[in-house]
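Report on one structure; see the data block that follows.
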Amino acid sequence: DFTGDVSGTLNNVTFPAGHRIQYKSINVTDNRSTNLTTFQHISAYDLTITPQYNNSKIILFWSGNWYINGDNRHGYFTFYRDSTHLGQTTEGLRLYQTASSAGRWQNANVRHIDTPNTTSAVTYKVYIRSENTDSTFRINYNTSYFSNFSLTEIKV
């Protein structure tokens with residue numbers, strides 16, 4: 001067991017399974033959007049983490065809002081680890097579908113657990129795409145709002 005405050009480097013410390021090892025986070029303002037039908041990288045959300053353990057789990061969490069204009073349209077959201085797509089090839093990890101009465105802004109949360117199997121630095125990225133080029137998928141309403149992307153390394 002460990003209690004107290006620690007600063008500096010810890011050597012020869014064993015963390016129990018389920019322990020949070022490190023946390024990275026970024027807040028992004030401004031609207032990000034695409035009307036392209038292939039996944040587009042939104043670089044403002046890029047976060048790099050160097051796992052401390054080869055078998056660690058990385059919890060990815062994005063929280064914000066999204067919108068797509070048009071009736072019965074789809075917007076797709078996904079994460080990448082470096083160049084590896086973590087979702088389904090065409091549909092990603094999450095789908096936002098508008099109703100038949102046009103789009104509305106929706107609060108959204110996307111959580112995914114990854115096992116990168118490395119202790120080398122990896123960069124996690126956010127990608128979005130639209131179903132049709134006649135509709136635009138947007139994340140983050142405007143500068144009055146922000147969305148957050150975070151990474152948490154968990155010891156297995």
- line: If amide H atoms are modeled at 1.01 Å from N in the peptide plane, then the residues at a separation of 5 or more from Ala108, or on another chain, having amide H under 5 Å from its own are Gly64, Asn65, Trp66
message: Just to confirm my numbers, what's the Cα centroid distance between the stretch 97-156 and the stretch 47-73 in Å?
response: 5
query: Taking the chain as a Gaussian network, where each spring joins two C-alpha atoms under 10 Å apart, which residue of Ala44, Ala108, Ala17 fluctuates the most?
result: Ala17
field: Sequence-separation-based contact order of the chain, relative, with Cα cut under 8 Å and 6+ spacing, percent
entry: 44
message: Order 145-154, 46-55 from most to least packed using the mean count of other Cβ atoms within 10 Å.
response: 145-154, 46-55
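Could you provide, to the nearest whole Å², the per residue accessible area of the chain with probe 1.4 Å? Walk me through the intermediate numbers first.
Numbers: 8590 Å² over 156 residues.
For the chain, the solvent-accessible area averages 55 Å² per residue.
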message: Connecting C-alpha atoms closer than 10 Å in a GNM of the chain, tell me which of Lys24, Lys57, Lys125 has the biggest fluctuation.
response: Lys24
query: Which of these, Val122, Val110, Val13, has the largest mean-square fluctuation under a Gaussian network model of the chain (Cα springs below 10 Å)?
result: Val13
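Full extension from Gln88 to Thr118: what is 0.36 nm times the residue separation minus their Cα-Cα distance, to one decimal in nm? List each step's numbers first, then the result.
Working: separation 30, 0.36 × 30 = 10.80 nm, distance 2.23 nm.
So the chain would gain 8.6 nm between Gln88 and Thr118.
The values are calculated or read from the model by the stated rules, or taken from the named source; none is laboratory data. Bear in mind that the values here come from a model prediction, so they are computed numbers and not experimental data. Neighbour counts are summed over all protein chains in view; Cβ atoms, including those assigned to glycine, are modelled from backbone coordinates with ideal geometry. Surface accessibility is based on the protein's heavy atoms, side chains included, excluding ligands, DNA and RNA. Shrake-Rupley method; radii C 1.70, N 1.55, O 1.52, S 1.80 Å.
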